[in-house]
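These notes are about the structure you will find just below.
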Amino acid sequence: HTSISLWSDTAAKSPLKQRVRLNLAYAYQQEGYMQDAIREYHSGLALYPDNEVTGRTNRLLATMNIGQIYLRLGRPDQALDVMAAEWNADPGFPGLAVNMGMAFGMVGQPDLAVSVLSMGIANLPAYPWFTDPGRLYFNRGAAYTLIGQCEKARSDFQMAANLDPDFSGIVPVCS
């Protein structure tokens with residue numbers, strides 16, 4: 001009767017299906033069972049994908065989600081460790097850029113945050129299915145704020161607000 005029970009049952013019946021394992025991982029993540037989610041993401045990534053395109057997309061999204069979990073757990077170094085290999089294999093994926101930018105900000109490297117977020121923004125046309133471009137601009141605006149580039153921060157916060165009303169009214173706290 002829950003996503004976890006649905007995908008757990010499906011995984012028991014089809015244990016070698018990558019998509020099933022990744023969906024179970026996502027269900028755990030949504031319900032707050034972070035260690036179970038990480039385990040299932042890794043289990044799913046160890047399985048052979050149905051095809052190369054699907055497999056690449058699955059790797060990017062699963063790695064993005066693992067990074068997001070580590071960020072929620074307050075472990076930005078682990079988030080960066082997990083995401084680095086996928087980033088190096090496919091630099092510029094916006095979902096990884098969002099999380100890596102946040103992680104770099106958390107570990108005191110806002111210049112690297114700006115760099116990866118800028119790559120993610122530049123690559124948005126290659127990923128039309130990426131649904132959160134406002135977060136890229138918001139996170140880059142926050143990184144610009146950390147390094148004292150207020151005009152760039154204001155511009156990015158405005159772009160974030162244009163893309164997603166949840167970001168409206170945000171002003172950088174710098175002079």
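The values are calculated or read from the model by the stated rules, or taken from the named source; none is laboratory data. Just so it is clear, the model here is predicted, and its values are computed rather than measured. As a convention, Cβ positions derive from the backbone with ideal geometry for all residues, glycine included, and neighbour counts pool all protein chains shown. Side chains are part of the model used for accessible areas, which takes the heavy atoms of the whole protein and leaves out ligands, DNA and RNA. Shrake-Rupley method; radii C 1.70, N 1.55, O 1.52, S 1.80 Å.
Observations on the structure shown:
- Rounded accessible area per residue of the chain, 1.4 Å, Å²: 52
- Only DSSP H runs of four or more residues enter the estimate; each adds -39500 (n - 2.57), and after division by the residues of the chain the mean residue ellipticity at 222 nm equals -23000 deg cm²/dmol.
- When the Cα atoms of region 101-175 are aligned to their principal axes, the ranges along those axes come out at 35, 25, 17 Å in descending order.
- Folded to 0 to 90 degrees: helix 18-31 orientation relative to the chain principal axis, Cα: 60
- Rg [Å, one decimal], Dmax [Å, integer] - the chain, C-alpha atoms: 17.2, 59
- Sites listed here are trypsin sites (Lys or Arg not before Pro) in region 60-144 whose DSSP assignment is loop and whose Cβ has at most 16 other Cβ atoms within 10 Å, and the list is empty.
- Rolling a 1.4 angstrom probe over region 101-153 with all protein chains present gives an accessible area of which 59% lies on carbon and sulfur atoms.
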